[in-house]
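For reference, the structure discussed in these notes is given below.
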Amino acid sequence: NAGVTQTPKFRVLKTGQSMTLLCAQDMNHEYMYWYRQDPGMGLRLIHYSVGEGTTAKGEVPDGYNVSRLKKQNFLLGLESAAPSQTSVYFCASSLKGGTQYFGPGTRLTVL
Amino acid sequence: SQQGEEDPQALSIQEGENATMNCSYKTSINNLQWYRQNSGRGLVHLILIRSNEREKHSGRLRVTLDTSKKSSSLLITASRAADTASYFCATGDGYSGGSNYKLTFGKGTLLTVNP
């Protein structure tokens, strides 16, 4: 039982490049979330999903897109990366609200 | 949006001492949760307290909730060096028929326990 995994762990992009972050969970959770964490800012919700095929915007959705084609996977896409998107990205899942289980994070640097 | 704000921002204590962290929030909540984050790692859930509960215990952790003051506290007793981490409170914004559930996190308290 791996819990929540994130791929990749580290990535360096140049401004304007695109990439996809993959989150996978093996706990059969309905809800999945993408957060970003910046120094002194705590965690901010980017997008979330309450079930397969559904997505919704969080607090800071601009510049990101998401997809939840399979229940166990939640993808976060950056179409045209900007230096302001340099951050640590965390994925989380929960059964149906309540306790959230977090992945180890992806450290992204945009040059 | 409702948001937990932890106080203090940083706390340094000696091993064996108790550590108390506080969280204040702005609007009505369904529940309040505390998470721990070791440096460079993902968050780990510690404890959840519902809006109709006043106190909850889990091992060396004690959480209180005062909805009239919109505040919560996390007490770690007999602290250990391994408790060194950032601690976040998160408020749950309600449960609307199971279709909408998010947490809003505070900025955290950095706890350092010196051996």
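In segment A:4-35, what residues are of a type in the set (Val, Ile, Thr) and either more than 15 Å from A:Ser94 (Cα to Cα) or without any contact (Cβ under 8 Å) to a residue 24 or more places away in the chain (or both)?
Quick first cut of segment A:4-35, residues of a type in the set (Val, Ile, Thr) only: A:4-5, A:7, A:12, A:15, A:20.
A:Thr7, A:Val12, A:Thr15, A:Thr20, listed by residue number.
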Q: Could you grab me the full set of residues in segment A:67-107 that are at pLDDT 95 or above, within 14 Å of chain B (Cβ to nearest Cβ) and part of a strand (DSSP E or B)?
A: A:Ser87, A:Val88, A:Tyr89, A:Phe90, A:Cys91, A:Ala92, A:Ser93, A:Tyr101, A:Phe102, A:Thr106, A:Arg107
Q. Would you pick out the residues in segment A:16-44 that are over 16 Å from B:Leu43 (Cβ atoms) and within 11 Å of another protein chain (Cβ to nearest Cβ)?
A. A:Glu30, A:Gly40
**Q.** Evaluation of B:Asp93 against (1) touching a Gly at 6+ places or on another chain (Cβ under 9 Å); (2) more than 23 Å from B:Gln14 (Cβ to Cβ) (one fails), failing number
**A.** (1)
Q) Any idea which of (1) more than 22 Å from B:Lys107 (Cβ to Cβ); (2) in contact with a Lys or Arg (Cβ under 9 Å, 6 or more places away or on another chain); (3) surrounded by 14 or more Cβ atoms within 10 Å (Cβ to Cβ); (4) within 14 Å of another protein chain (Cβ to nearest Cβ) is the one A:Phe10 doesn't satisfy? A) (3)
Q: Among the residues of segment A:59-81, write down those that are of a type in the set (A, V, I, L, M, F, W, C) and over 9 Å from the mean Cα position of the chain (by Cα).
A: A:Val60, A:Leu69, A:Leu78, A:Ala81
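Table: residues versus (1) within 14 Å of chain A (Cβ to nearest Cβ); (2) touching a strand residue (DSSP E or B) at 6+ places or on another chain (Cβ under 8 Å); (3) farther than 30 Å from A:Ser87 by Cβ; (4) modelled with pLDDT of 95 or more.
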{"site": "B:Glu15", "(1), (2), (3), (4)": "no, yes, yes, yes"}
{"site": "B:Asn18", "(1), (2), (3), (4)": "no, yes, yes, yes"}
{"site": "B:Tyr25", "(1), (2), (3), (4)": "yes, yes, no, no"}
{"site": "B:Trp34", "(1), (2), (3), (4)": "yes, yes, no, yes"}
{"site": "B:Ser39", "(1), (2), (3), (4)": "yes, yes, no, no"}
{"site": "B:Leu46", "(1), (2), (3), (4)": "yes, yes, no, yes"}
{"site": "B:Leu61", "(1), (2), (3), (4)": "no, yes, no, yes"}
Q: Go through (1) farther than 16 Å from B:Arg41 by Cα; (2) more than 11 Å from every other protein chain (Cβ to nearest Cβ); (3) in contact (Cβ under 8 Å) with a residue 12 or more places away in the chain and name the single condition A:Asp62 misses.
A: (3)
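Look through segment B:32-56, keep the residues that are outside any strand (DSSP E or B) and surrounded by fewer than 17 Cβ atoms within 10 Å (Cβ to Cβ), and return whichever of them is farthest from the chain's Cα centre (by Cα). Don't jump to the end; show me each part of the working.
Going through segment B:32-56, the residues outside any strand (DSSP E or B) turn out to be B:38-42, B:51-54.
Filter once more, keeping what is surrounded by fewer than 17 Cβ atoms within 10 Å (Cβ to Cβ): B:38-41, B:51-54.
Numbers: B:Asn38: 14, B:Ser39: 17, B:Gly40: 19, B:Arg41: 17, B:Ser51: 14, B:Asn52: 17, B:Glu53: 15, B:Arg54: 14 Å.
So, considering only residues that are outside any strand (DSSP E or B) and surrounded by fewer than 17 Cβ atoms within 10 Å (Cβ to Cβ), the one farthest from the chain's Cα centre (by Cα) is B:Gly40.
Here is a yes/no grid of residues against (1) under 14 Å from B:Phe105 (Cβ atoms); (2) within 14 Å of another protein chain (Cβ to nearest Cβ); (3) within 11 Å of the chain's Cα centre (by Cα):
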residue: B:Glu5; (1), (2), (3): yes, yes, yes
residue: B:Asn22; (1), (2), (3): no, no, yes
residue: B:Asn30; (1), (2), (3): no, yes, no
residue: B:Ser58; (1), (2), (3): no, yes, no
residue: B:Leu65; (1), (2), (3): no, no, yes
residue: B:Lys70; (1), (2), (3): no, no, no
Q. Could you say whether any residue in segment B:64-84 is of a type in the set (Val, Ile, Thr), buried (at least 18 other Cβ atoms within 10 Å of the Cβ) and modelled with pLDDT under 95?
A. no
Q | Residue list for segment A:38-49, filter: surrounded by fewer than 20 Cβ atoms within 10 Å (Cβ to Cβ) and in contact with a Lys or Arg (Cβ under 9 Å, 6 or more places away or on another chain) | A | A:Asp38, A:Gly40, A:Met41, A:Arg44
Q) Which residues, taken from segment A:65-89, are more than 18 Å from A:Leu13 (Cα to Cα) and either in contact (Cβ under 8 Å) with a residue 24 or more places away in the chain or not hydrophobic (A, V, I, L, M, F, W, C) (or both)? A) A:Val66, A:Ser67, A:Arg68, A:Lys70, A:Lys71, A:Gln72, A:Asn73, A:Phe74
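The values are calculated or read from the model by the stated rules, or taken from the named source; none is laboratory data. All values reported here derive from a predicted model rather than from experimental measurement. Because the Cβ atoms are built from the backbone with ideal geometry, glycine has one as well, and the counts that use them run over all protein chains shown.
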